[in-house]
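One structure is given here, and the rest of the page talks about it.
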């Protein structure tokens, strides 16, 4: 893997997410990223989870300056998807191309087969397609962020200048356990073929006109293949791996 070193004052960093520009995770990420370069936040105005790599082609995209709660960060709320944020941000809003795009910190893991639906990963893949460094960051959907907050700066320093290639992203998942329970970092994790939920659909209503209404009904799963991102998280490790969008 090729490592390219840049001085802090040379790096241009674009941050986005899929939880919305007011999410706690993106605020914490921007605060940490300030140590590594000039930070721009261009993120969805509202929740856009599970949008994958979708982009807007036939509608206008609204961009508005946003009063972001991290000093020194230029921030804009976007009416499009996370991948739109990367595209319009790097190709329109910013006066220069970013060196790296950080996507996250997502509220909920983006690992195993679930990553294909992830708009956090989708934004990172768009960054990779555009030729930028691309890192997706996610954590457990809970209140405990001790592990994330402890390891975040260390992993940004390690991977912010890594360029894994046009089809690849760095994918980092932080377990939601107490820091005292975390066993450390596992690098080189492969993407598990399993999933956190075995999904089905449940019929919840049949209307008078014959329309059936279904809702997803997932059954939680902890069966994970060895050396995978899923296994690492379940075993209370920080998982780091390179994810490719081609097989």
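Derivation of every value follows stated rules applied to the coordinates shown; laboratory data play no part. Keep in mind the model is a prediction, meaning the values are calculated, not measured. Don't worry about glycine lacking a Cβ; one is built from the backbone with ideal geometry, like all the others, and counts go over all protein chains shown.
Where a ≥ b ≥ c are the square roots of the eigenvalues of the C-alpha gyration tensor, would you call the range 1-137 rounded, which needs a/c under 1.5, or, failing that, prolate if a/b is larger than b/c, or oblate? Judged from the Cα gyration tensor, the range 1-137 comes out rounded (a/c under 1.5). Note: relative contact order over the chain, using C-alpha pairs below 8 Å and six or more positions apart, is 18 percent. For the chain, modelled as a GNM with alpha-carbon contacts under 10 angstrom, which of 57, 179, 137 fluctuates the most? Greatest mean-square fluctuation among the candidates belongs to 57. Express in nm, to one decimal, how much length is gained between residue 235 and residue 35 on full extension, taking 0.36 nm for each residue of separation and deducting their alpha carbon distance. Stretched fully, the residue 235-residue 35 segment lengthens by 69.0 nm. Place a point 7 Å from Cα of residue 244 in the direction of its Cβ. Which residues in the range 159-199 have their backbone N less than 16 Å from it? The answer is 163-171, 188-193. Note on residue 150 and residue 213: the extension gain reaches 18.3 nm, defined as 0.36 nm multiplied by sequence separation minus the Cα-Cα distance. With the simple spin-label model, which puts each label point 7 Å out from Cα in the Cβ direction, the residue 117 to residue 22 separation comes to 2.5 nm.
Ranked by the mean number of other Cβ atoms within 10 Å of their residues, highest first, the peptides 181-191, 40-50, 225-235 come out as 40-50, 225-235, 181-191. Under 17 Å from a point placed 7 Å out from the Cα of residue 50 along the Cα-to-Cβ direction: which residues of the range 139-183 have their backbone N that close? Residues passing the 17 Å test: 141. When each of the peptides 208-221, 21-34, 73-86 is scored by how many other beta carbons lie within 10 Å of its residues on average, the order from highest to lowest is 73-86, 21-34, 208-221. By definition, a body whose alpha carbon gyration tensor gives a ≥ b ≥ c is oblate when a/c is 1.5 or more and a/b is not larger than b/c, and the range 165-204 fits this oblate description. Between residue 220 and residue 96, the modelled labels are 4.7 nm apart [label points 7 Å from Cα along Cα→Cβ].
Note on residue 227 and residue 167: the extension gain reaches 19.4 nm, defined as 0.36 nm multiplied by sequence separation minus the Cα-Cα distance. Would you calculate, for the chain, the mean residue ellipticity at 222 nm contributed by helices, counting each DSSP H stretch of 4 or more residues as -39,500 (n - 2.57) and dividing by all residues, to the nearest 500? That calculation yields -5500 deg cm²/dmol at 222 nm. Highest mean packing first, where packing is the average number of other Cβ atoms within 10 Å per residue, the peptides 140-147, 128-135 line up as 128-135, 140-147.
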